[in-house]
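What follows is a single structure, written as structure tokens, with notes after it.
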Amino acid sequence: MRILFVNNDGGGFADYVTVTEGTTVEQFFTIKMEGRESSDYLIRVNRQPVPKEYVLQDGDRVTITPTKIEGARPVMV
Amino acid sequence: MRKENFMEKQKNIIRLSNLLLDSLDELKKAKSQQIQSMMEDFSIRCSNATKDSHLFRVAVEKGWLIGAENIRSRISRNINDFSYYLQTFKQLINADETSLPKLSDIYAELLQAEQEFGDIKFDLKEKTLSITTEPITLEDIPLGPFEVSLSIGRINNLYSDSPYRIIALEPNPASCNEEVTHPHVSDETLCEGEGHVPIRAALEQGRFCDFFTMIVNLLQTYNPSSPYVSLDDWSGICCYDCGSTVDNESVYSCYSCGNEFCECCTSYCHSCDETICLGCGTECPNCGELVCHKCLIECSECGSRLCRCCAEEGDLCSECRDIAENSEQQTKTNNEKENKNEEQIKCQNNAAVQPDGVGKTTIHA
């Protein structure tokens, strides 16, 4: 099945990805955001917060946004 | 009545969604125009290269070696610019084409933003869309709530300008710079750091809720390695000279101008021992020590200023004193010479010239 994955970490891309039936949000996060802590991210499915056991459905829209984004002063060249 | 209010609100959100969709359309047009302008520029560069190639061939055929060398060096310069230009052009033309979101997507984004941040403010006249953050506290320093105000009319300038402002509603700015209301906000502009690319991507794709979420998350995070003003220096007193922040106990007040300075920008008057800043101190031309303006007096000869300590040895600067001493020495030498001459003259006068034969004795044979 295909879901829309909006990843606001890094490049901020939005694309359709294929996941196997029965994948939970927690499993999806582990696959896509390898090595990251889920507590550092805001995860929304279809614009709503969901429990980590939520099983993804075909056509779902998953958004992952980091809760800590570091600002930085521009470098003068 | 409630139903009417609800309907009015829905109408406003739809109106706002339409405006946002138009601005995204403008942004897309702006990007296409940028590509068009780059393509035109590209074709001009190519045509210049063709001209240079022709000129070079003619120069070589006719044996004009100096001319050929000039053309070669011009081509060499242009090639460096050209490769950089080509890289930029490639990035622009190969960038993923963002399809415009549907009106219903933008509508859903606005409803989500309302759900996440409470009321969203929409100013039809100014064409701004704003949300307000919770009061933000970083490392125990309260910075108050901020308004994130997105100017819909400026979204099409996304690639050259920031279309949103961060307004401190209860400002607690850094003591050394009132424009800095947050370690990463100066003059209502947020320095996005690692958020730069995803924030722009969210705006391009019409994901307005994601846009606001990332801004809020950025405001709630402190990056100590690159702030406008470090939170360690947030409060305290700002050195009037170098601008660094110092705590109340490490600040020095200048006796002369009354401003406050850090230790590095302060010294003391070597004449009266009062604390002075480097701007109020002047080096005494005589002894080279730093003194305050009040402890400087004028050299009675040349008018240059010298410190009181040096003035105690006479009110002359070292140069004038040297001149005076030399002149005194010269006068003394001259006087001595004159006295010597006078004495010689006197001696000569005492041995008076006698008439011929005077003093001679006749010796009988």
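Only the coordinates and a few stated rules stand behind these numbers; no lab work does. Keep in mind it's a predicted model, so treat the numbers as computed, not measured. Neighbour counts are summed over all protein chains in view; Cβ atoms, including those assigned to glycine, are modelled from backbone coordinates with ideal geometry.
Averaged over B:220-229, how many beta carbons belonging to a partner chain fall within 10 Å of each residue's beta carbon?
Going residue by residue through B:220-229 and averaging, the value is 4.
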Check: Could you name the lysines in cross-link range of B:K62, using Cα to Cα under 28 Å and dropping any fewer than eight places away on the same chain?
Finding: B:K51
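Provide the gained length on full extension for the span B:Q220 to B:C46, in nm with one decimal, where the gain is 0.36 nm per separating residue minus the Cα-Cα distance.
On the way: separation 174, 0.36 × 174 = 62.64 nm, distance 4.94 nm.
Here the answer is 57.7 nm.
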Next item on the list: Determine which lysines satisfy two conditions relative to B:K332: a Cα distance under 23 Å, and not lying fewer than 8 residues away in the same chain.
Entry: B:K340, B:K346
Margin query: Need one value for A:6-19: mean number of C-beta atoms belonging to other chains within 10 Å of its residues' C-beta atoms.
Written below: 4
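Let me know the shape class of segment B:103-165, please: from the alpha-carbon gyration tensor, a ≥ b ≥ c as square roots of the eigenvalues, rounded when a/c is under 1.5, otherwise prolate if a/b is greater than b/c, or oblate.
Values: a/c = 2.19, a/b = 1.39, b/c = 1.58.
It is oblate, given that a/c is not under 1.5 and a/b is not larger than b/c.
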Next item on the list: Send over the semi-axes of segment B:285-333's equivalent ellipsoid, whole angstrom and largest first, taken as the square roots of 5 times the C-alpha gyration tensor eigenvalues.
Entry: 23, 9, 8
Notebook entry, point to check: For q = 0.19 Å⁻¹, what log10 I(q)/I(0) does segment B:136-211 give under the Debye formula with an equal point scatterer on each alpha carbon and no solvent?
Noted result: -0.84
Note to self: Over the Cα atoms of chain B, what radius of gyration and what Dmax do you get, in Å?
What the structure shows: 42.1, 170
Item checked: Fewest-first ranking of B:C209, B:C242, B:C191, using other Cβ atoms within 10 Å as the exposure measure -> B:C242, B:C191, B:C209
Checklist line | Virtual paramagnetic centre 7 Å along Cα→Cβ of B:K121, amide N under 14 Å, in segment B:149-170 | finding: B:149-151, B:165-170
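For chain B, what does the helix formula give at 222 nm: sum of -39500 (n - 2.57) over DSSP H segments with n ≥ 4, over the residue count, nearest 500 deg cm²/dmol? Kindly include the intermediate steps, with their values, before the conclusion.
Numbers: 7 runs with 163 residues, N = 365.
Per the formula, -15500 deg cm²/dmol.
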Check: For segment B:207-290, what mean projected area does the convex hull of the alpha carbons give, in nm²?
Finding: 8.2
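How high is the FRET efficiency between B:Q10 and B:N157 when r is their beta carbon distance and R₀ equals 30 Å, given to the nearest 0.05? Don't skip to the end; give the middle numbers.
Details: r = 30 Å, r/R0 = 1.00.
With a Förster radius of 30 Å, E is 0.50.
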Notebook entry, point to check: Which of B:S43, B:T137, B:T88 sits closest to the plus end of the dipole of chain B, meaning its Cα is farthest towards the positive end, when Lys and Arg get +1 and Asp and Glu get -1 on the C-beta?
Noted result: B:S43
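How many percent of all Cα-Cα pairs in the protein assembly as shown sit more than 34 Å apart? It would help to have the intermediate numbers written out before the result.
Working: 60362 of 97461 pairs.
Summing the P(r) of the protein assembly as shown above 34 Å gives 62 percent of all pairs.
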Check: Label B:K29 and B:L100 with points 7 Å out from Cα along Cα→Cβ: what is the distance between them in nm?
Finding: 1.0
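Ranked highest first by the average count of other Cβ atoms within 10 Å around their residues, in what order do B:84-90, B:160-166 fall? All intermediate terms of the calculation are to be shown ahead of the outcome.
On the way: B:84-90: 11.7, B:160-166: 17.3.
Sorting B:84-90, B:160-166 by mean packing, highest first, produces B:160-166, B:84-90.
How many partner chain Cβ atoms sit within 10 Å of a residue's Cβ in peptide B:207-214, on average, as a whole number? Each step should come with its number before you reach the end.
Working: counts 6, 0, 4, 8, 2, 0, 8, 7.
Per residue, the average neighbour count from other chains is 4.
Which of B:H184, B:H54, B:H196 comes first, and how do the rest follow, when ranked by fewest Cβ neighbours within 10 Å?
Details: B:H184 28, B:H54 11, B:H196 17.
Taking fewest neighbouring Cβ atoms as first place, the list is B:H54, B:H196, B:H184.
Please arrange B:R72, B:R154 by how many other C-beta atoms lie within 10 Å of their C-beta, fewest to most. The partial results should precede the final answer.
Details: B:R72 13, B:R154 17.
Going from least to most buried by this count: B:R72, B:R154.
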